Amino acid sequence: MIVGSVLVADRYIKAVAGEDATKNSKGKIFEANFNANDIITIALKSDASRTELEEAYLEALHQLRKRHPGIKALSAGSCVSLKSCVTDDRNVTDPDLSGYGVISNNAMHASWEGANLYALSTKVFPEIADDIYVRADVSLAAMGEFYWRLKEKKLASFDEMHRYGNKDLTVLLRNITMSYVKLSADVNGAFIYNGNLFGGKNHPFLSLIRPRRMEQFVDAERKYIRDDFPGVCVFHRDCYSGLISVGALERRLSESQETRSLVELPSSHGVWGILAYYTAQLCMAIIATHVPSLIVLGGRLVKDQANPAWPKNDIIEKVRTRLAEEIKTKMPDYPELHRPDGFIQEAACQWPVLYGGLIFSIKHDGEISYLHNHHAG
């Protein structure tokens, strides 16, 4: 079976097709094969209008259909918030009547509001309208990262494999929970439990949280210096996206009269310490609410696919160090902190959203009733 995956990012639209390579007869361990050289890329201007977004999205899908006319299911991931991503909200007969897959008011691309990714997808693939899914990009990234790690045997620590994996792989899935944190043009996260997305009425909005402000003790001056950066989010000012998104870090540099760009900064620059401080705080909130086995950091501030040489900020080690300080007095016995390969890890899948879209398409094709009944998408 051939399935498709689309990513709507702030700088481009990417699309790819892949083949269902699931080997387990019970349909639990999902895999997909795809060729990275086959990825379709349509560039977007930084100030692209809704019309330009819709035209680029349709162009990507038309190219995808031309290359792979036999696609049986399609998943799309959006970098901006959606009015609804609950599959039961779809109106297959009249997609424009539902909020499913419709971009909502957002801070990153306000002009995109109202663009209906589901309706646009059905125009190009009308015959699979029942098998087109739209989710937040971070949700598909979490799905892609989880199943990529499972395939590559990078999901569980050795101790977890010994405890659970030798019994039954379904036991391993029940006991391994993973959180994925996106650090990019915005900040968000998603959670995987039992191999499924943990979700409710919509996708997560972690960037809505306002963190505790950073304070540094300067011993030579015997005083605390508090982070007084106002934030850049047009809705919340100093939420996580407002403080540590790409745009927020660039504004910090501009206001400090730093002439170098983020790409040019050494790992010792203070802006990376700020990123690590707030990221560790977000990880602490995730631990307190979801107690995961693993937290994966992805996104442009961790590894930029368009610029592989950047960033050289040692962000994984910085967050690990900072998190250890956060957690030692609150949850000192949290066992996952001691996994030898690290509780905080960099994304292992090169294209997690695209791979996650392929997996999501395959899973829904095979487990529609199960996933719908449990609202696992």
Residues of the stretch 252-296 satisfying the condition of being aliphatic (A, V, I, L, M) and in contact with an Asp or Glu (Cβ under 6 Å, 6 or more places away or on another chain): 280, 284, 296
Among (1) under 20 Å from the mean Cα position of the chain (by Cα); (2) within 16 Å of residue 121 (Cα to Cα); (3) of a type in the set (A, V, I, L, M, F, W, C) - the single one residue 36 does not satisfy: (2)
Pairs, first in a helix (DSSP H, G or I) in the stretch 246-273, second among the polar types (S, T, N, Q) and surrounded by 15 or more Cβ atoms within 10 Å (Cβ to Cβ), C-beta under 6 Å, six or more apart: 272/313
All positions within the stretch 68-103 that are surrounded by fewer than 16 Cβ atoms within 10 Å (Cβ to Cβ) and either in contact (Cβ under 8 Å) with a residue 24 or more places away in the chain or in a loop (DSSP other than H, G, I, E, B) (or both): 69, 70, 88, 91, 92, 93, 94
Residues that are part of a helix (DSSP H, G or I), within 21 Å of residue 56 (Cβ to Cβ) and within 22 Å of the chain's Cα centre (by Cα), drawn from the stretch 112-135: 112, 117, 118, 121
Filter pass, residue 241 being assigned by TED's automatic domain parsing to the domain that holds residue 276 and either at pLDDT below 90 or part of a strand (DSSP E or B) (or both): no
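The values are calculated or read from the model by the stated rules, or taken from the named source; none is laboratory data. Note that the structure is a prediction, hence the values are computed from the model and not measured. Counting neighbours? That spans all protein chains shown, and the Cβs are built from the backbone with ideal geometry, glycine included.
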